[in-house]
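The values are calculated or read from the model by the stated rules, or taken from the named source; none is laboratory data. Predicted model only: the values in this text are computed from it and were never measured. Cβ atoms come from the backbone with ideal geometry, glycine included; neighbour counts cover every protein chain shown. Each accessible area value is taken on the protein alone, full model and side chains, heavy atoms only, with ligands, DNA and RNA left out. Shrake-Rupley method; radii C 1.70, N 1.55, O 1.52, S 1.80 Å.
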Amino acid sequence: MDYKDFKKQYAATATDISRDVFFKNQGVMRIKKEKTAVTNLSKIFEAVFSITYNKGYQAMSMRDLSLKTGMSLGALYAYFPGKDELLAIMQTQAQAMVKGILDEFSNAHKNPLEKLRAVIKAHIFLSELFRPWFYFTFMEARNLTHKGFEAVKSIEEHTQKIISDILIEGEETGVFKSGKHDLTACMIKAMQQEWYLKRWKYTKQKISVDQFTDHLLDMVEGFCRI
């Protein structure tokens, strides 16, 4: 599966994501009309990405968000009690998108090598498909409350454990070398993050997401395979 095929199958619009957020957080939001909520949540998320890309979430004020969205402060507070809650909602949504699809790809293959290829590829393709969410999640995790930060760490550890478990399984079945699989998984994760955190390097080299992914897979397989 290349990125074009992946995008056809897993693409979600801003409306789709906002609808999912609405249904998951109805206990917090005072807005009950789905159409209104979804439209405004899409505006809020787009505004957050725009503002925080330039000056960071911590420096963003509710007034900044109000001006960018064209919504009053009162209207914004109908969706979340404050900045901390908005950040937690967005972090939770981004991590849930990753966890669900990576679990799906991991469970779709029995051969450890095919499983490893699928999981690495899916993560990079997801980060391309939802780059603003990935970039925001990584850059703003430090501004979460302790509870929120622990939740994000838990998801991060989950995605790394998927990879380390595959490597352990591969060693046991004679596909991969023995080694420090937890450390290898951490380093693979860091290389995946390169794609959405330091895109400028690859844009300059005219490297596509498929080229980046294939090269990373070659490196990982060269290091891990017997």
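Inspect region 84-91 for any residue being surrounded by fewer than 18 Cβ atoms within 10 Å (Cβ to Cβ) and either over 30 Å from ASP214 (Cα atoms) or within 22 Å of the chain's Cα centre (by Cα) (or both) and give the result as yes or no. Walk me through how you get there before you give the answer.
Start the filter on region 84-91 by keeping residues that are surrounded by fewer than 18 Cβ atoms within 10 Å (Cβ to Cβ), which leaves 84-85.
Then keep just the ones that are either over 30 Å from ASP214 (Cα atoms) or within 22 Å of the chain's Cα centre (by Cα) (or both); that gives 84-85.
Yes, region 84-91 contains a residue that is surrounded by fewer than 18 Cβ atoms within 10 Å (Cβ to Cβ) and either over 30 Å from ASP214 (Cα atoms) or within 22 Å of the chain's Cα centre (by Cα) (or both).
Among the residues of region 196-226, the ones that are assigned to a helix (DSSP H, G or I), surrounded by 13 or more Cβ atoms within 10 Å (Cβ to Cβ) and either of a type in the set (A, V, I, L, M) or modelled with pLDDT under 95 (or both) come to 7 in all.
Taking LEU76, is it modelled with pLDDT under 90 and surrounded by 16 or more Cβ atoms within 10 Å (Cβ to Cβ)? No, not satisfied.
Here the condition is being assigned to a loop (DSSP other than H, G, I, E, B) and not small (Gly, Ala, Ser); of PHE138, PHE105, PHE80, PHE134, it holds for PHE80 alone.
Please go through region 13-61 and pick out each residue that is among the hydrophobic types (A, V, I, L, M, F, W, C), farther than 17 Å from MET139 by Cβ, open to solvent by 20 Å² or more (accessible area, probe 1.4 Å) and free of Cβ contacts under 8 Å to residues at least 40 places away in the same chain. Show your work before the answer.
Initial filter on region 13-61 (among the hydrophobic types (A, V, I, L, M, F, W, C)): 14, 17, 21-23, 28-29, 31, 37-38, 41, 44-45, 47-49, 51, 59-60.
With farther than 17 Å from MET139 by Cβ added as a condition, the list becomes 14, 17, 21-23, 28-29, 31, 37-38, 41, 44.
Still in the running and open to solvent by 20 Å² or more (accessible area, probe 1.4 Å): 14, 23, 28, 31.
ALA14, PHE23 - these are the residues of region 13-61 that are among the hydrophobic types (A, V, I, L, M, F, W, C), farther than 17 Å from MET139 by Cβ, open to solvent by 20 Å² or more (accessible area, probe 1.4 Å) and free of Cβ contacts under 8 Å to residues at least 40 places away in the same chain.
Annotation note: of GLY222, GLY174, the sole residue that is at positive phi and of a type outside the set (A, V, I, L, M) is GLY174.
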